[in-house]
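As structure tokens, the structure follows; a few thoughts come after it.
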Amino acid sequence: METYKGELIDSIVEINIESTKSWYSKGSLWGCECRQCRNFLELASKKQLPQQIIEILDGFGILPKQATYVCRLYDNDKGHLYQFSYRLAGFMLSDEKNTTKSFEWGGVRCCHETYPYGAPDFPEPHFDIEFYATLPWVLEETQN
Ligand SMILES: [Zn+2]
């Protein structure tokens, strides 16, 4: 079994790479069709998310549009702050943090997302990698 045991962001984790890749290879996509989510999916499909996010996901065989949770939190002066996460098979060996590790584009942490409705059949145990990023509006239609 292919596993990764070590640091991910600021947490120590053990990830079952095989189970994670196998779940994402089924091709599940984030399914909410509200405008805010469609804007996210448009950015994700075109890989217009911050490069570091794309690289982290790529390491687990995850496409950016395969988020297991997406929420537009609020608008700020630079764009739209989104929270989105991806489920990983495995567990956290260190305590869950309430704070995120900061990047120029936002933050990221490992945690347990309470509303994982994009992944009802995900193998146990699991945890989530959660991103906060300010993203542009790219849909032709208006945001409201
Ligand atoms: Zn939505």
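None of the figures in this text is laboratory data; all of them are computed from the coordinates on show. Keep in mind it's a predicted model, so treat the numbers as computed, not measured. Cβ placement follows ideal geometry from the backbone for every residue including glycine, while neighbour counts extend to all protein chains displayed.
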Worksheet item: Scattering from the C-alpha atoms of the chain alone, worked out with Debye: what is log10 I(q)/I(0) at q = 0.13, 0.18, 0.20, 0.21 1/Å?
Response: -0.54, -1.04, -1.28, -1.40
Worksheet, complete the sentence: Projecting the Cα atoms of P125, I12, N76 onto the charge dipole of the chain, where Lys and Arg contribute +1 and Asp and Glu -1 at Cβ, the residue farthest towards the positive end is N76
Practice prompt. Go through the range 8-20 residue by residue and turn each phi into a ³J(HN,Hα) via Karplus (6.51, -1.76, 1.60, θ = phi - 60°); whole Hz please, and just put x for glycine and proline.
Written response: 9, 6, 10, 10, 9, 9, 10, 10, 7, 4, 4, 5, 5
Worksheet item: Hey, which aspartates and glutamates would be in cross-link range of K101, C-alpha to C-alpha under 12 Å, not counting anything within fewer than 8 residues on its own chain?
Response: D10, E130
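Place a +1 charge on the Cβ of each Lys and Arg in the chain and a -1 charge on the Cβ of each Asp and Glu, then give the dipole magnitude about the Cα centre in debye, rounded to the nearest 20.
On the way: 14 positive and 21 negative charges, 57 e Å.
Using only the charged Cβ atoms, the result is roughly 280 debye.
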Worksheet, complete the sentence: The extension gain from D95 to D10, computed as 0.36 nm times the residue separation minus the Cα-Cα distance, is 29.6 nm
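Relative contact order (percent) for the chain, with alpha-carbon contacts under 8 angstrom and 6 or more residues of separation?
Working: 268 pairs, mean separation 39.9, N = 144.
Across the chain, relative contact order equals 28 percent.
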Discussion item. Considering only C-alpha atoms, what is the centroid distance from the range 23-37 to the range 67-144, in Å?
Written reply: 13 Å
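Roughly speaking, what is the stretch gain from M1 to Q143, that is 0.36 nm per residue apart minus the C-alpha to C-alpha distance, in nm to one decimal? If you can, show how the numbers build up before the last one.
Details: separation 142, 0.36 × 142 = 51.12 nm, distance 4.46 nm.
Using 0.36 nm per residue and subtracting the Cα-Cα distance, I get 46.7 nm.
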Worksheet, complete the sentence: Within the chain, cysteines having no neighbouring cysteine beta carbon under 4.7 Å are C34, C71, C110, C111
Worksheet item: Among all the lysines, which ones have a C-alpha under 25 Å from K26's C-alpha, if same-chain residues fewer than 8 places away are not counted?
Response: K5, K46, K47, K65
